[in-house]
There are 2 protein chains.
Amino acid sequence: MDVCHKLGRRVQQLRQAKGWSQDEFAHRANLHRTYVSGVERGIRNPTITVLEKLARGLEITMSELVALEE
Amino acid sequence: MDVCHKLGRRVQQLRQAKGWSQDEFAHRANLHRTYVSGVERGIRNPTITVLEKLARGLEITMSELVALEE
């Protein structure tokens, strides 16, 4: 599984653990809902500035966000 | 300082701690030297696939790579 799909699964898990819809999370992360949907499906290749937004939206650090199984 | 500049400083510190030139590191990370130079100067906004290459080249995890001071 490539890193984009691993990240997508991680973001989805973390979002669902918060009980948020993609809409709710997109608003918190200051991103467009369709972009969040693309990240979770692993079809986006987010830059570090977007990773920072995703982490802030999830209320975690970037390190926690990219703690993907190697 | 924005996240790209923080990352650049972090990459430079980690590379220098290994005693590698930008050339040496670029080769290890399978990236172009001018791109590495741009990352270290904070003028690049690397995607997660590039972050994975940078981390592998530095022989650390992505989590360690993006452990930037908040």
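The values are calculated or read from the model by the stated rules, or taken from the named source; none is laboratory data. All values reported here derive from a predicted model rather than from experimental measurement. For neighbour counting, all protein chains shown are included, and Cβ atoms are generated from backbone atoms with ideal geometry for every residue, glycine included. Note: areas computed on protein heavy atoms with side chains; ligands, DNA, RNA excluded. Shrake-Rupley method; radii C 1.70, N 1.55, O 1.52, S 1.80 Å.
The 1.4 Å probe gives accessible areas that order B:M1, B:M62, largest first, as B:M1, B:M62.
Where q = 0.09, 0.10, 0.17, 0.18 Å⁻¹, what log10 of I(q)/I(0) comes from the Debye formula for the protein assembly as shown, counting one point per Cα? For the requested q values the scattering log ratios are -0.26, -0.32, -0.87, -0.96.
Per-residue SASA remark: A:T49, around 50 Å² accessible (1.4 Å probe; ligands, DNA and RNA not included).
Counts of other chain beta carbons within 10 angstrom of each beta carbon in peptide B:53-65 average 3. Cross-link reach is defined here as a Cα-Cα straight distance under 16 Å, omitting same-chain residues fewer than 8 places apart; for B:K18 the aspartates and glutamates meeting it are B:E40, B:E59, B:E64.
Restricting to DSSP H runs of at least four residues, report the calculated mean residue ellipticity at 222 nm for the protein assembly as shown, -39500 (n - 2.57) per run over all residues, nearest 500 deg cm²/dmol.
Numbers: 10 runs with 92 residues, N = 140.
Mean residue ellipticity, 222 nm, calculated: -18500 deg cm²/dmol.
If R0 equals 25 Å, the separation of the Cβ atoms of A:D2 and B:S63 corresponds to a calculated FRET efficiency of about 0.90. The share of C-alpha pairs in chain B whose separation exceeds 21 Å stands at 9 percent. B:S21 contributes about 60 Å² of solvent-accessible surface, heavy atoms of the protein only, 1.4 Å probe. For A:L68, the solvent-accessible surface computed with a 1.4 Å probe is close to 10 Å², ligands and nucleic acids excluded.
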